[in-house]
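Have a look at the structure below before the remarks.
No value in this document is a laboratory result; all are computed from the given coordinates. Every value quoted in this text rests on a predicted model; they were computed, and no experiment measured them. All Cβ positions, glycine included, derive from the backbone under ideal geometry; neighbour counts span all protein chains shown.
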Amino acid sequence: MKTLTLATALLAFGTGAALAQDVVRMGTEGAYPPYNFINDNGEIDGFERELGDELCARAELTCEWVTNDWDSIIPNLVSGNYDTIIAGMSITPERDEVIDFTQPYTQPDPSSVVGMTPDLDLASAVIAAQTGTIQAGYVAEIGATLVEFASPDETVAAVRNGEVDAVIADKAFLEPIVTEDADLMYVGDDILLGGGIGMGIRESDAELKETFNAAIQSMKDDGTLNELIAKWLPESAPF
Amino acid sequence: MFSFCTDPALLDDLPWMACYLTTGKHMAFYASFGTVLLLLAITAPVALLFGFLGAMATRSQIAPLRWLGRGYTSMVRGIPDIAFFLFVPIALDQGLEWLRHKVRCPDWELPVRQGNDFVVCDIAKLPLSNAPQWVHEGYGFGTAVLAFAVVFGAFAANVIHGAMTAVPRAQMETAEAYGMTRRQAFWRILVPQMWIFALPGLSNLWQILVKATPLLFLLGVEDIVYWARELGGSKTSTFTYPHPDWRLYYFLFLLVFYLALTQVSEIAFGRLARRLSRGQATAAGDALRKAAA
């Protein structure tokens with residue numbers, strides 16, 4: 001009897017508002033400034049917060065922001081815990097096999113290598129990158145020794161404490177760090193990786209993808225996207 | 001928080017620190033201590049209940065129930081905690097959504113699993129995607145509590161089962177001689193007396209449970225470890241309060257917190273053991289009797 005009551009309670013849970021289905025849950029990492037981070041008020045902030053809010057306003061969607069670990073950000077999208085990934089995720093063929101992407105809202109973003117000495121031979125260096133990023137894939141490709149970390153902050157901390165020779169990440173993330181820390185400097189030139197950053201959406205969710213595609217296009221057309229890029233990602237090329 | 005916090009860049013060290021430690025983010029950090037304590041407060045009794053039921057099942061005279069009890073304890077005890085913590089909430093969530101999907105959307109024609117995607121109809125989602133954020137967080141917390149309770153319940157079942165067999169046989173024989181049924185003897189004689197034998201094992205489990213709470217972070221609940229890592233990481237001037245890598249201090253603080261928590265529980269368990277020893281045919285019970293005389 002008790003289990004029956006519990007089952008009924010579960011089924012009845014939330015029957016009231018079953019109609020208002022236009023809430024879209026936006027999944028982000030919240031640890032990758034300036035793309036997305038938790039500001040000092042404990043709120044999600046950054047380029048993608050501003051962009052996402054604007055996209056939702058244009059598509060007339062109610063959006064709710066959630067944070068999720070980078071490691072499990074794709075699995076939790078496909079199992080339906082949230083509806084989009086908007087977390088500085090570059091469009092790559094490997095990811096595209098698992099999820100779908102909207103059109104990119106940044107140009108292919110320059111990545112840079114940051115270390116303590118300028119004359120570093122990258123091919124034989126030990127380089128830190130965040131797990132499951134295109135930069136981690138790149139390090140493996142050039143034959144350097146890759147050390148992976150779960151969060152972006154840890155990759156930089158590893159350079160500072162000498163655990164690795166250098167870190168590779170998006171330039172927009174590294175730029176303020178290099179500017180404010182005299183010990184850190186760029187090694188070599190910028191590297192262009194990936195096909196730009198897009199929103200990740202479930203493959204079965206074609207309608208939502210089209211909605212966001214249209215919203216991104218309208219921001220590209222009237223120049224508001226370029227304003228946001230200039231504000232948050234000064235190193236990136238505009239559209 | 002304070003009125004002088006409007007421009008932190010101009011502040012001296014001490015007021016800066018005061019402002020820094022009272023930001024909204026720090027408030028979330030302090031609140032997460034409540035989350036951890038709440039988890040403990042809910043999980044411990046639920047796990048104890050699971051353990052008690054498991055132990056009862058294991059000594060049941062009905063064979064299938066006995067198999068169930070044994071299966072539960074040996075299976076859960078044999079699987080790494082982390083694997084179990086990752087499996088239970090996902091399986092539970094998808095299982096419930098699938099059930100609701102079957103009941104509420106019988107006309108749905110598309111398969112639930114489409115390639116990588118797990119898709120149920122909108123009104124079968126748990127919680128609904130338009131539910132407020134606290135419902136989502138509460139739901140995540142609930143599945144986490146259940147995962148903890150299932151795992152720690154299995155260990156508790158073993159401890160309690162051991163304690164039940166440790167109650168002197170003579171006690172049960174006396175109960176039978178008084179004409180009590182098996183059930184009466186179990187509830188009136190065995191259960192009240194077994195706690196003192198179960199206590200050392202249970203207090204061990206409690207300490208392990210306290211130390212296992214950082215696993216919450218793994219389940220996506222924003223607990224103290226999440227916030228310590230988030231707050232401690234070095235911050236550039238994109239943030240209002242830039243600072244270098246302070247993770248060491250934050251984790252040191254967590255270390256002190258956990259040590260204090262386990263120390264307090266140690267004292268509480270000491271008192272409880274003294275209380276439960278009263279009148280028992282154990283060395284501790286004997287010592288109490290002699291002290292009173």
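For this structure, a couple of remarks:
- Nearest 10 degrees, 0 to 90: helix B:63-78 Cα axis against chain B principal axis: 40
- Take each residue of peptide A:22-31, count the partner chain Cβ atoms within 10 Å of its Cβ, and average: the result is 2.
- Tilt relative to chain B, helix B:133-166 - C-alpha long axis, 0 to 90 degrees, to 10: 30
- All other residues whose Cβ lies under 9 angstrom from that of B:SER32 are scored, Lys and Arg at +1 and Asp and Glu at -1, for a net of -2.
- A simple packing score, the average count of other Cβ atoms within 10 Å per residue, orders the peptides B:123-130, B:238-245, B:250-257 as B:123-130, B:238-245, B:250-257, with the highest score first.
- Radius 13 Å from Cβ of A:GLU60, net charge of other residues (Lys, Arg +1; Asp, Glu -1): -2
- Proximal charge balance of B:TRP134 [Cβ under 15 Å; K/R count +1, D/E count -1]: -2
- Average beta-carbon neighbours from other chains, 10 Å sphere, peptide B:115-128: 6
- Check: region A:175-230 dipole with +1 on Lys, Arg Cβ and -1 on Asp, Glu Cβ, in debye: 280
- Every Cα-Cα pair in region B:22-292 was counted, and those over 26 Å apart are 58% of them.
- Shape class for region B:32-150, computed from the alpha carbon gyration tensor (a ≥ b ≥ c): oblate, with a/c not under 1.5 and a/b at or below b/c.
- In this Cβ point-charge picture (+1 for Lys and Arg, -1 for Asp and Glu), the protein assembly as shown has a dipole of about 5080 debye about its Cα centre.
- Magnitude of the charge dipole, region A:110-192, Cβ model with Lys/Arg +1 and Asp/Glu -1, debye to 20: 120
- Mean Cα-pair separation over length for chain B, i.e. relative contact order, pairs under 8 Å, 6 or more apart, %: 21
- Descending Cα extents along the principal axes, chain A, whole Å: 69, 50, 37
- Over 26 Å (Cα to Cα) - which of A:LYS171/A:LYS231; B:LYS211/B:LYS290; A:LYS209/B:LYS125 fall in this group: B:LYS211/B:LYS290
- Note: region B:209-280, Cα convex hull, 100 Å³ per residue.
- Hydrodynamic estimate: the Kirkwood radius of the protein assembly as shown over Cα pairs, inserted into Stokes-Einstein at 4 °C and 1.567 mPa s, corresponds to D of 49 µm²/s.
- Peptide B:101-107 has a mean of 1 when you count, residue by residue, the C-beta atoms of other protein chains within 10 Å of its C-beta.
- Charge-dipole axis of the protein assembly as shown as Lys and Arg at +1 and Asp and Glu at -1 on Cβ define it, positive-most pick from B:ALA292, A:ILE85, B:PHE50: B:ALA292
- Farthest toward the positive end of the dipole of chain A, out of A:VAL23, A:GLY188, A:ALA214, is the Cα of A:VAL23, where the dipole comes from beta carbon charges about the Cα centre.
- Toward the positive end of the charge dipole of region B:22-292, with +1 on the Cβ of Lys and Arg and -1 on the Cβ of Asp and Glu, the farthest Cα among B:ALA170, B:MET75, B:PRO106 is that of B:ALA170.
- Packing, taken as the mean count of other beta carbons within 10 Å per residue, orders the peptides A:189-202, B:95-108, A:78-91 from highest to lowest as A:78-91, A:189-202, B:95-108.
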